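One structure is given below, encoded as structure tokens.
None of the figures in this text is laboratory data; all of them are computed from the coordinates on show. Given the structure is predicted, the values throughout are model-derived calculations rather than measurements. When we count neighbours, we look across all protein chains shown, and the Cβ atoms used for this are built from the backbone with ideal geometry, even at glycine.
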Amino acid sequence: MFSERVGYIVWVSDLKAARSLEKYGTVHYMSRKMHYVVMYMNADRADEVVRNMGRLPFVKRIERSYRNEIKTEYTQGVPDKTRFYSL
């Protein structure tokens, strides 16, 4: 039903030109201060799209985002020590 999506951080030299990255995927965030773009695209076409984006003159570097691979479910395996330090 839903295709798998992967995230990429694209470091750019020109933010005005970086608006054209929307044709390669969904632009989630653009940092004006640090000059990077966070974007998501379909996983099945990601290699081809990254290769095409790397050829653009304003793209400095492309990094894969590992946010979806980080564990976000936490367990209470370790006892809570805050009750020992209360007054």
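What shape does segment 7-47 take by its C-alpha gyration tensor, where a ≥ b ≥ c are the square roots of the eigenvalues and a/c under 1.5 counts as rounded, a/b above b/c as prolate, and the rest as oblate?
Judged from the Cα gyration tensor, segment 7-47 comes out prolate (a/c at least 1.5, a/b above b/c).
Summing charges over all other residues whose Cβ lies under 15 Å from the Cβ of SER3, with Lys and Arg as +1 and Asp and Glu as -1, gives -2. The 3J(HN,Hα) values that the Karplus relation (6.51, -1.76, 1.60; θ = phi - 60°) gives for segment 41-49 are, in residue order, 8, 5, 5, 5, 10, 5, 5, 5, 5 Hz. Gly and Pro appear as x.
From the backbone phi of segment 4-16, what are the Karplus-calculated ³J(HN,Hα) couplings (6.51 cos²θ - 1.76 cosθ + 1.60, θ = phi - 60°) in whole Hz, Gly and Pro given as x? Computed from phi, the couplings for segment 4-16 are 6, 10, 10, x, 9, 9, 10, 7, 10, 9, 9, 6, 5 Hz. Amide H to amide H, with H built 1.01 Å from N, SER65 comes under 5 Å of GLY7, TYR8, ILE9, counting only residues 5 or more places away or on other chains.
With Cα atoms defining each centre, segment 1-37 and segment 42-61 are spaced 10 Å apart in the structure. Short-range pairs are left out: with C-alpha atoms under 8 Å and at least six residues apart, the relative contact order of the chain is 36 percent.
Excluding same-chain residues fewer than 8 positions from LYS33, which aspartates and glutamates have a Cα within less than 20 Å of its Cα? Within the straight-line cut-off, LYS33 pairs with ASP14, GLU22, GLU63. Using only alpha-carbon positions in the chain, the gyration tensor eigenvalues give semi-axes of 37, 18, 10 Å once each is multiplied by 5 and square-rooted (largest first).
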